[in-house]
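Novice: Mind having a look at this structure? Questions to follow.
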Amino acid sequence: MRKLVIVGLSLFSATALAQTGVIRGSIADKQSEKSITGATIELVSDSSIGDTTDEKGNFELGNVPLGRQTIRVSFLGYESATLPDIDVTTGKEVIVSVALVEKFGSLEEVVLVADGNNKAKSINKLAAVSVRQFSPEEVNRYAGGRSDVARLASNFAGVSTADDSRNDIVVRGNSPTGLLWRLEGIPIPSPNHFSTLGTTGSPVSALNPNLLANSDFITSAFPAEYGNALGGVFDLGLRKGNNKEYEYTVGVAAFPGAEAMAEGPLGKKGGSFLVAARYGIVGSLGLAGTTAQPNYNDLSFNVDFGKGKFGDFSVFGIFGNSNIDLIGKEVELSDDDLFATRDEDSFVTSGFGVFGVKHTIDMGSQSYLKTIISGSTSSNGFNQDRYFNLETPSEFKVRWTEVDNTENRITFATLFNSKISKKITFRTGVLLENFSLENTVSDRDRQEDNNSDGQPDFVNLINNEGSYTIVQPYAMGQFRVTEKVTLNAGLHGQYFSLNEEFVFEPRTALTYAINNKSAINIGYGLHHQNVAAPLLFLNENSGGNLVQSNKELDLVRSAHYVLGYDIRFADKWRAKFEVYYQAIDKAAVEKNPSSYSSLTEGADFGFSTDKNALVSKGEGFNQGVEFTLEKFFSKGYNLLFTTSLFESKYTGSDGIERNTPFNNGYVFNALAGKEFKIGKAKKNVFTINTKFTTAGGRYYTPVDLAASIAANYEIRDDTNAYSEQYDAYLRLDLKFGFKWNSNKKKSSHQFYVDFQNITNNSNVFSKEYNRVTQQVNQINQIGFQPDFGYKFQF
């Protein structure tokens, strides 16, 4: 009998323990990023559950009730922080990091959200304007997101996508080529499957959000450590694995596919490993917007070796591959296939990889030095065969296009950060990138028939094997002038070896806290970016010799001006207004009067192949106003409304001001989510999330039908470039989810179904000349599309 009682008590204890979760993490000084020993952490709902940070700044709260919880962090001489909306489950420990700010004087408590940082505030302490922090939990929470970080950004003010087929990010009317992707402090190529040289987006992301830490998205006037970008910065960080417990995740979803992830402790110095692999299955489900079968997979990892006498070492990486065969005869005449054409066979391959080694070492009690060395690669191939006399006895095909591009990059970055005092923080560093390119493009499109074989000649447009270097030194500081006034200022430099141009770029941002609920922000930044490589290395036939006449183009220049007002008018509510103006010059245009400008490139998979001997005399501007209203997750629900009203214009060498293709005019997003606790113990959760988006249609250049029929290929009316506009974009998504926490063991199950474009609205994809029908046909984007996913954590 006694044994039965002991067994019963043991089972009861195990069950009770399984009904709770764990919150662990670290506390650090935000300015110096050094650990804080002795900080107090307590659970707001039960003050008996608490802990104090150890000598490494770590803490652990055990037996935490399941569901959304809030913790409070305090330390003498620092502003307190409160972290709400911590989702505690049985399947996985919650690991958070909190950065405390040393008190300037007698400030009131600062309420932080989302894993230790206010979404209105950045991870980068020197980013003060036009910045939005986001969490991986948001990527998976919102409807219509497809587990894609880039699609999450489309919900933020100032961002426009309006394209279901690609995740290109248009920031305030800038071309997607103006976006800078960064990972762990280094620039990286487009982190996407099916990406192409010079672009920053694609149909499918290669970034696994389950490995990401909270990260920053910046839309204007970037701090001095960011360079070679005009439109925006995606500054991503990888989270560390659980350094105390082994945890595993397996799952399957329409987007991104089947997934397996493992993490756990490594070594005796507090190290950890985190690794995940995914394999795409969307093609098997017929949800890709094409009849073809897309194949893609990726592997991501972050290995931290812990802190030793020589500092912290870690290695990280992402590798992905993808391919698809678009067979024209598999396309029905009535199909609106987004990527295939009936008289063409296309074969697409792409690859992406980043591997880096990061080292951080303390330089005294208030400073550190961080150094990263990395290698990255991005490749894409495109072979296309075209059929003539289609479906007749005399049918034949010829090789029409061949593309083989490989970009390899070696990157060295070092950063020194020092907290001089509670009022002054200083940061300086240098970034060096060496690019090695092997680019080949051959095409028959729009070529003459000089050999009289009845077909346009197969002409080599790009044949480049070379390299170039970009060097970017910078220095900046944060000055807390008074309790209410904070000044961020810095200087960024950029050297581009192709044209041997060196530029200096001042950056500054001023924040004035009117009170503890509202603040005014003012920002200015000068930025430069090189013209995209596919344009720089175009070949031109000059006297029988092939020359690259665009290599000497200047860096495109952009000046950003920003004014913002931020207010927290109620508990968990925030509103933000921002007005901006961006002046651009030195864009690439043609010598002779024309409507062309490099500012219009980057909207799809390719770049112009007939723009040689360009000059750096183009101009443009973007201006607009943005509004964000956000209710952070509390009391079981969250809300987000964003509106952007903007204008994006450019001027070519003909002196005529025109719309850019990215001048949607307006974007409106409304998102809402609600959680319902269900079950007898209220430990399980049912969720509903919805998203509504509408935006003005993109501008496009109309097809010259008569000229296209005569030439048997599409000819656009460039004298009326971007004079017509697609119909407005509109989409409504609805997502249902269920989360079940196991009663008997450390595990949890999550399932969702996401109904995207539930109204089946026919949003325009393009209007193109069809060689088969000799008409201008409208192709619509993907209509109603279901998505689903299941995840098991243990």
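What follows draws every value from the coordinates through simple rules; no lab data is involved. What you are looking at is a predicted structure, and each value in this text was computed from that prediction instead of being measured. Quick reminder, even Gly has a Cβ in these numbers, built from the backbone with ideal geometry, and neighbours come from all protein chains shown.
Novice: Taking all pairs of distinct Cα atoms, average 1/r, flip it, and tell me the Kirkwood hydrodynamic radius of the range 739-794 in Å to one decimal place.
Specialist: Numbers: mean 1/r = 0.0671 Å⁻¹.
Final number for the Kirkwood radius of the range 739-794 is 14.9 Å.
Novice: Identify, among PHE784, ALA489, LEU535, the residue whose Cα sits farthest towards the positive end of the charge dipole of the range 341-793, taking +1 on the Cβ of Lys and Arg and -1 on the Cβ of Asp and Glu, with the dipole about the Cα centre.
Specialist: Farthest towards the positive pole: ALA489.
Novice: How would you order 466-474, 213-221 from highest to lowest mean count of nearby Cβ atoms within 10 Å?
Specialist: Working: 466-474: 17.4, 213-221: 24.0.
So the order, starting with the most tightly packed, is 213-221, 466-474.
Novice: Counting other Cβ atoms within 10 Å of each Cβ, which chymotrypsin sites (Phe, Trp or Tyr not before Pro) in the range 299-399 have at most 12 and sit in a DSSP loop? Provide the component values of the computation, followed by the final result.
Specialist: Values: sites: PHE301, PHE305, PHE310, PHE313, PHE316, PHE319, PHE339, PHE347, PHE352, PHE355, TYR368, PHE382, TYR387, PHE388, PHE396; in loops: PHE310, PHE339.
Loop-located and lightly packed - PHE310.
Novice: Starting from the Cα gyration tensor of the range 583-629, take the square roots of the eigenvalues, sort them a ≥ b ≥ c, and report rounded, prolate or oblate (rounded when a/c is under 1.5, otherwise prolate if a/b is larger than b/c, else oblate).
Specialist: Details: a/c = 3.75, a/b = 1.74, b/c = 2.15.
In terms of gyration-tensor shape, oblate.
Novice: Evaluate the relative contact order of the range 341-793 (contact order divided by residue number), counting alpha-carbon pairs under 8 angstrom at least 6 apart; express in whole percent.
Specialist: Numbers: 1181 pairs, mean separation 30.6, N = 453.
Relative contact order comes out at 7 percent.
Novice: Kirkwood Rh over alpha-carbon pairs of the range 492-638, then Stokes-Einstein at 37 °C and 0.692 mPa s: what D in µm² s⁻¹, rounded to an integer? Present the calculation step by step, with values, prior to reporting the outcome.
Specialist: Values: Rh = 18.5 Å.
The Stokes-Einstein estimate is 177 µm²/s.
Novice: Report the antiparallel proportion of the DSSP beta bridges in the chain as a percent, rounded to a multiple of 5.
Specialist: On the way: 318 of 332 bridges.
If we restrict to bridges inside the chain, about 95 percent are antiparallel.
Novice: When a/c is below 1.5 the answer is rounded, else prolate if a/b is larger than b/c, else oblate, so apply that to the range 147-208 with a ≥ b ≥ c taken from the square roots of the Cα gyration tensor eigenvalues. Before the final figure, lay out each step's value.
Specialist: On the way: a/c = 1.36, a/b = 1.22, b/c = 1.11.
In terms of gyration-tensor shape, rounded.
Novice: Taking N as the number of residues in the range 128-275, what is its alpha-carbon radius of gyration divided by 2.2 N^0.38 Å? Display every interim value, and only then the final one.
Specialist: Working: Rg = 16.0 Å, N = 148, 2.2 N^0.38 = 14.7 Å.
Its radius of gyration relative to the 2.2 N^0.38 Å reference: 1.09.
Novice: Of LYS358/LYS635; LYS680/LYS735; LYS56/LYS674; LYS34/LYS631; LYS683/LYS791; LYS125/LYS358, which ones are farther than 29 Å apart at the Cα? Numbers along the way, then the final one.
Specialist: On the way: LYS358/LYS635 40 Å; LYS680/LYS735 24 Å; LYS56/LYS674 37 Å; LYS34/LYS631 32 Å; LYS683/LYS791 17 Å; LYS125/LYS358 20 Å.
Where the Cα-Cα span goes over 29 Å, the pairs concerned are LYS358/LYS635; LYS56/LYS674; LYS34/LYS631.
Novice: For the range 341-793, what ratio Rg/Rh do Cα atoms give with a Kirkwood hydrodynamic radius? Before the final figure, lay out each step's value.
Specialist: Working: Rg = 26.9 Å, Rh = 26.7 Å.
Rg/Rh for the range 341-793 comes to 1.01.
Novice: Moving on. Could you give the size of the charge dipole of the chain about its Cα centre, using +1 on the Cβ of each K and R and -1 on the Cβ of each D and E, expressed in debye and rounded to the nearest 20?
Specialist: Numbers: 77 positive and 90 negative charges, 954 e Å.
That gives the chain a dipole magnitude of about 4580 debye.
Novice: List the aspartates and glutamates whose Cα sits under 20 Å from the Cα of LYS307, skipping any in the same chain fewer than 8 residues away.
Specialist: Output for LYS307: ASP29, GLU33, ASP54, GLU55, GLU60, GLU184, GLU245, GLU263, ASP362.
Novice: Can I ask one more? How do 655-665, 263-273 rank on mean C-beta neighbours within 10 Å, highest first? Write out the running numbers ahead of the final one.
Specialist: Numbers: 655-665: 20.1, 263-273: 17.5.
Taking the mean over residues of other Cβ atoms within 10 Å, the ranking is 655-665, 263-273.
Novice: Any idea what diffusion coefficient the chain gets from Stokes-Einstein, in µm²/s, Kirkwood Rh on alpha carbon pairs, 20 °C, 1.002 mPa s? If you can, show how the numbers build up before the last one.
Specialist: Working: Rh = 27.8 Å.
So the translational diffusion coefficient is about 77 µm²/s.
Novice: Using the Cα centre of the range 341-793 as the reference point, and only Cβ charges (+1 on K/R, -1 on D/E), how large is the resulting charge dipole? Debye, rounded to the nearest 20. Write down the numbers at each step before the final one.
Specialist: Numbers: 48 positive and 51 negative charges, 905 e Å.
Charge dipole of the range 341-793: 4340 debye, to the nearest 20.
Novice: Here's a follow-up. Restricting things to Cα coordinates, could you compute the convex hull volume per residue of the range 602-725 in Å³? Write out the running numbers ahead of the final one.
Specialist: Details: hull volume 22.1 nm³, N = 124.
Dividing the Cα hull volume of the range 602-725 by its residues yields 178 Å³.
Novice: If Lys and Arg each add +1 and Asp and Glu each add -1, what is the summed charge of the other residues whose beta carbon sits under 13 Å from the beta carbon of LEU645?
Specialist: Working: positive: ARG172; negative: GLU578, GLU626, GLU647.
Cβ neighbours under 13 Å give a net charge of -2.
Novice: Sticking with this one: Ratio of the range 689-794's C-alpha Rg to 2.2 N^0.38 Å, to two decimals?
Specialist: Numbers: Rg = 22.0 Å, N = 106, 2.2 N^0.38 = 12.9 Å.
Expressed relative to 2.2 N^0.38 Å, the Cα Rg reads 1.70.
Novice: Here's a follow-up. Any idea what log10 I(q)/I(0) is at q = 0.30 Å⁻¹ for the range 474-526, Debye with uniform C-alpha scatterers and no solvent?
Specialist: Here the Debye-derived log intensity ratios amount to -1.09.
Novice: At a Förster distance of 25 Å, what's the computed FRET efficiency of ALA277 paired with GLU438, Cβ-Cβ distance as r, to 0.05? Each step should come with its number before you reach the end.
Specialist: Values: r = 28 Å, r/R0 = 1.13.
After rounding to 0.05, the efficiency reads 0.35.
Novice: Convert each backbone phi in the range 416-426 into a coupling constant with the Karplus relation 6.51 cos²θ - 1.76 cosθ + 1.60 (shift: θ = phi - 60°), then list the ³J(HN,Hα) values in order as whole Hz, x for Gly and Pro.
Specialist: 10, 10, 9, 8, 6, 7, 5, 9, 10, 10, 10
Novice: Okay, next question. Go through LYS244/LYS744; LYS517/LYS739; LYS30/LYS309; LYS30/LYS677; LYS269/LYS677 and tell me which ones have a Cα-Cα distance over 28 Å in this structure.
Specialist: On the way: LYS244/LYS744 21 Å; LYS517/LYS739 35 Å; LYS30/LYS309 23 Å; LYS30/LYS677 35 Å; LYS269/LYS677 40 Å.
Where the Cα-Cα span goes over 28 Å, the pairs concerned are LYS517/LYS739; LYS30/LYS677; LYS269/LYS677.
Novice: Helix 2-18 against the longest principal axis of the chain: what's the angle in degrees, Cα atoms only, rounded to the nearest 10?
Specialist: The answer is roughly 40 degrees.
Novice: First check a/c for the range 174-242, with a ≥ b ≥ c the square roots of the eigenvalues of its C-alpha gyration tensor; if it is under 1.5, answer rounded, and if not, answer prolate when a/b is larger than b/c or oblate otherwise. Before the final figure, lay out each step's value.
Specialist: Values: a/c = 2.19, a/b = 1.14, b/c = 1.93.
The shape class here is oblate.
Novice: Going by average Cβ neighbours within 10 Å, how do the peptides 489-501, 542-554, 683-695 rank, with the highest at the top?
Specialist: On the way: 489-501: 18.1, 542-554: 14.2, 683-695: 19.6.
The most tightly packed comes first, giving 683-695, 489-501, 542-554.
Novice: Under 17 Å Cα-Cα from LYS397, which aspartates and glutamates qualify once same-chain neighbours fewer than 8 residues away are excluded?
Specialist: LYS397 reaches ASP325, GLU330, ASP343, GLU344, ASP345, ASP385, ASP443, ASP445, ASP449, ASP453, ASP457.
Novice: Any idea what log10 I(q)/I(0) is at q = 0.11, 0.18 Å⁻¹ for the range 308-444, Debye with uniform C-alpha scatterers and no solvent?
Specialist: Reported log10 I(q)/I(0), two decimals: -0.64, -1.04.
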